[in-house]
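Engineer: The following block contains the structure, expressed as structure tokens.
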Amino acid sequence: MVITVRSLGLSGLAGYEVSAECFLSGGLPAFDIVGLPDAAVREARERVRAAIKNCGAKFPVSRITVNLAPAGKKKEGTVYDLPIFVGILAAGEALPPPPPDAAFLGELSLTGAVRGIAGVLPMAMAARAAGIRQLFVPAENAAEATLAGGLTVYPVPDVAALTAHLKGEALLSPAPVWTPDEDDAPLPDFQDVMGQENVKRALEVAAAGGHNILLIGSPGAGKSMLARRLPSILPDMTRAEALEASAIWSVAGLSDHAHPLLTRRPFRAPHHTASAASLAGGGPALRPGEISLAHNGVLFLDELPEFRRDVLEALRQPLEDGEVTVARAGGTLHLPARFQLVCAMNPCRCGWRGHPSGKCTCSARDAERYVEKISGPMLDRIDLHVNVPSVEYEAMRRRETPEPSAAIRARVAAARQRQLERLAGSGISCNAHMTAPMLSEFCSLDAKGEALMKSAFARMGLTARSHDRILRVARTIADLDGADRIAPQHLAEAIQYRNTEILRG
């Protein structure tokens, strides 16, 4: 007798339906799993065998063949333990056949407990699209599965509870749809930063338009402190953005089972010893890297020149396309990577070039060599280059309270709302991602603006890319001012943020 049990698998970040076909036949006792299983799937034989025996059921003494279809796709992980368990017991008539609109996911322990798995959210979305209406998942993954919507999610604590439910003896209660609570955990606030008003303004512009920014200054000037406060002024994610980001974290195994939906924009800060694969993604299992984990959020690279050259160059294509393509022998993976890049660096290796103390020990050539670690094309993709001067003693002793993040965030949210209304229906939510036709439509300049841009283009040796990025920043500054058109003062402020002379001390 052949019993087919529906389940789900993962291909990159997308879920797809898998059928576990279980067949019991005569012959010498054996247990085979086919359909391109990896080592973890093959080891399900022992977990399922022990779970069946330890839940009080009788393990069939026959030849057992389990086919995971589609057989041409490689199956990975421990997600198929539960459907194999149900299929074997149903094929041996110890359980009734499962409902045709039900699917099963989960890893089994030897005692029969059902353990949590990674990637439940994208698999639940795939289940809904495949017409599945009942989804049986580990109890700790139930809240995450309800985020997909359109499913009755049953939390399964152990196989004894599942068998009782399928026999109709003691029904499991469906999990309620998870809704986020108010997140009261405070974020680092700009109110803690004394002075640095020009840098705060630049970060406000960056947050309002989703622009990339580079902070350059001596040690102790507050670069990292300022960068880590950027999330406190970013607008909230939409529901669609939150689901996208949460699905990526789910596949990476980083979801919090108590709070499966990301309600705040991700902030990722990899160490400068990170490899290109850890940043871009890949590895044996083709998993998302740091730039995908920062999707719809912030990627902070502190001590930028200390990152290896190949690691930084891996960012070039994702910064343009909002997507990273990982090609390996095991397959090709397309990962979303629409993040806001924030970088911090010293002006030279010793860090003190341009400092009032005059204690820099680097020659001009040493400083140039240090900055040359960052390629021109990489710098060209960063919208704002901002000098972070040393904080004066008087600024640290001022008694007035700096502006809190809440006030800055209100202005940022108003500017983002203007952008959403302007770009409605385009699939683009902020100025940093405007296309060339949008620049022509929304970033036109008057005669004074054209003269100013022409002068800056020739004087600063701008590229076509940097020209467009200046226009996008100017459009954001105009949005912060509530202006419908880009005025010369908006353009002038945008141009001064492209002053690469600060990179040469």
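Engineer: Among the residues of the stretch 421-431, are any surrounded by fewer than 12 Cβ atoms within 10 Å (Cβ to Cβ) and either of a type in the set (Asp, Glu) or touching an Asp or Glu at 6+ places or on another chain (Cβ under 7 Å) (or both)?
Structural biologist: Checking the stretch 421-431: at least one residue is surrounded by fewer than 12 Cβ atoms within 10 Å (Cβ to Cβ) and either of a type in the set (Asp, Glu) or touching an Asp or Glu at 6+ places or on another chain (Cβ under 7 Å) (or both).
Engineer: Please go through the stretch 284-322 and pick out each residue that is of a type in the set (Asp, Glu) and either at pLDDT below 85 or touching a strand residue (DSSP E or B) at 6+ places or on another chain (Cβ under 6 Å) (or both).
Structural biologist: Glu290, Asp302
Engineer: So, in the stretch 152-171, exactly how many residues are among the hydrophobic types (A, V, I, L, M, F, W, C), open to solvent by less than 30 Å² (accessible area, probe 1.4 Å) and either out of contact with any strand residue (DSSP E or B) (no Cβ under 7 Å at 6 or more places or on another chain) or not in a strand (DSSP E or B) (or both)?
Structural biologist: Matching residues across the stretch 152-171 total 5.
Engineer: Select, from Ala474, Ala458, the only residue that is assigned to a helix (DSSP H, G or I), crowded, with 21+ Cβ neighbours inside 10 Å and among the hydrophobic types (A, V, I, L, M, F, W, C).
Structural biologist: Just one listed residue meets the conditions, Ala474.
Engineer: Right, another one. Could you look through the stretch 273-283, keep only residues that are surrounded by fewer than 21 Cβ atoms within 10 Å (Cβ to Cβ) and not hydroxyl-bearing (Ser, Thr, Tyr), and pick out the one that is modelled with the highest pLDDT?
Structural biologist: Ala274
Engineer: Of everything in the stretch 45-98 that's out of contact with any Gly (no Cβ under 7 Å at 6 or more places or on another chain) and of a type in the set (S, T, N, Q), which residue is farthest from Met123 (Cα to Cα)?
Structural biologist: Step by step, filter the stretch 45-98, then rank; the result is Thr65.
Engineer: So is Pro270 open to solvent by less than 50 Å² (accessible area, probe 1.4 Å), in a loop (DSSP other than H, G, I, E, B), of a type outside the set (Lys, Arg) and farther than 16 Å from Lys373 by Cβ or not?
Structural biologist: When the stated conditions are applied, Pro270 passes them.
Engineer: For the stretch 222-267, which positions are of a type outside the set (A, V, I, L, M), open to solvent by less than 50 Å² (accessible area, probe 1.4 Å) and not in a loop (DSSP other than H, G, I, E, B)?
Structural biologist: Lys223, Ser224, Pro231, Ser232, Glu241, Ser246, Trp249, Ser250
Engineer: Let me ask another. Looking only at the stretch 6-19, count how many residues are closer than 11 Å to Leu105 by Cβ and either touching a strand residue (DSSP E or B) at 6+ places or on another chain (Cβ under 7 Å) or surrounded by fewer than 23 Cβ atoms within 10 Å (Cβ to Cβ) (or both).
Structural biologist: 6
Engineer: Does Ala483 satisfy the criteria of being without any contact (Cβ under 8 Å) to a residue 24 or more places away in the chain and open to solvent by 10 Å² or more (accessible area, probe 1.4 Å)?
Structural biologist: The answer is yes for Ala483.
Engineer: If I go through the stretch 294-317 residue by residue, how many of them are in contact with a Leu (Cβ under 7 Å, 6 or more places away or on another chain), without any contact (Cβ under 8 Å) to a residue 60 or more places away in the chain and under 30 Å from Asp181 (Cβ atoms)?
Structural biologist: The qualifying residues number 1.
Engineer: Right, here's the next one. Pull out all pairs, ordered by first then second residue, where Cβ-Cβ is under 9 Å, the residues are six or more apart or on different chains, the first lies in the stretch 409-429 and is of a type in the set (Ser, Thr, Tyr), and the second is assigned to a helix (DSSP H, G or I) and open to solvent by less than 80 Å² (accessible area, probe 1.4 Å).
Structural biologist: As it stands, the answer is Ser426/Met438; Ser429/Glu241; Ser429/Arg416; Ser429/Gln419; Ser429/Leu420, since those pairs meet every condition given.
Engineer: Turning to a different aspect of this structure: Where residues in the stretch 47-57 are surrounded by fewer than 17 Cβ atoms within 10 Å (Cβ to Cβ) and in contact (Cβ under 8 Å) with a residue 24 or more places away in the chain, which of them is nearest to Thr111 (Cα to Cα)?
Structural biologist: Across the stretch 47-57, the extreme among qualifying residues is Ala50.
Engineer: Among the listed residues Pro219, Pro188, which satisfies the condition of being open to solvent by 10 Å² or more (accessible area, probe 1.4 Å), over 23 Å from Arg338 (Cα atoms), in contact with a helix residue (DSSP H, G or I) (Cβ under 7 Å, 6 or more places away or on another chain) and in a loop (DSSP other than H, G, I, E, B)?
Structural biologist: From the options Pro219, Pro188, the qualifying one is Pro188.
Engineer: Is it fair to say Asp32 is out of contact with any Phe, Trp or Tyr (no Cβ under 9 Å at 6 or more places or on another chain), at pLDDT below 95 and open to solvent by 50 Å² or more (accessible area, probe 1.4 Å)?
Structural biologist: So Asp32 passes the test.
Engineer: Scan the stretch 403-417 for residues that are of a type in the set (Lys, Arg) and open to solvent by less than 70 Å² (accessible area, probe 1.4 Å) and report the count.
Structural biologist: Qualifying residue count, the stretch 403-417: 1.
Engineer: Considering only the stretch 74-84, I want to know if a residue exists there that is out of contact with any helix residue (DSSP H, G or I) (no Cβ under 8 Å at 6 or more places or on another chain), open to solvent by 10 Å² or more (accessible area, probe 1.4 Å) and more than 24 Å from Gly150 (Cβ to Cβ).
Structural biologist: Checked against the condition, which is being out of contact with any helix residue (DSSP H, G or I) (no Cβ under 8 Å at 6 or more places or on another chain), open to solvent by 10 Å² or more (accessible area, probe 1.4 Å) and more than 24 Å from Gly150 (Cβ to Cβ), the stretch 74-84 yields at least one hit.
Engineer: Looking only at the stretch 123-151, filter to residues that are charged (D, E, K, R), assigned to a helix (DSSP H, G or I) and open to solvent by 10 Å² or more (accessible area, probe 1.4 Å); which one of those is nearest to Thr263 (Cα to Cα)?
Structural biologist: Glu140
The values are calculated or read from the model by the stated rules, or taken from the named source; none is laboratory data. From a predicted model like this one, the values you see are computed outputs, not experimental measurements. In this analysis, Cβ positions are derived from the backbone assuming ideal geometry, glycine residues included, and neighbour counts consider all displayed protein chains. The accessibility values were calculated without ligands, DNA or RNA, using every heavy atom of the protein model including side chains. Shrake-Rupley method; radii C 1.70, N 1.55, O 1.52, S 1.80 Å.
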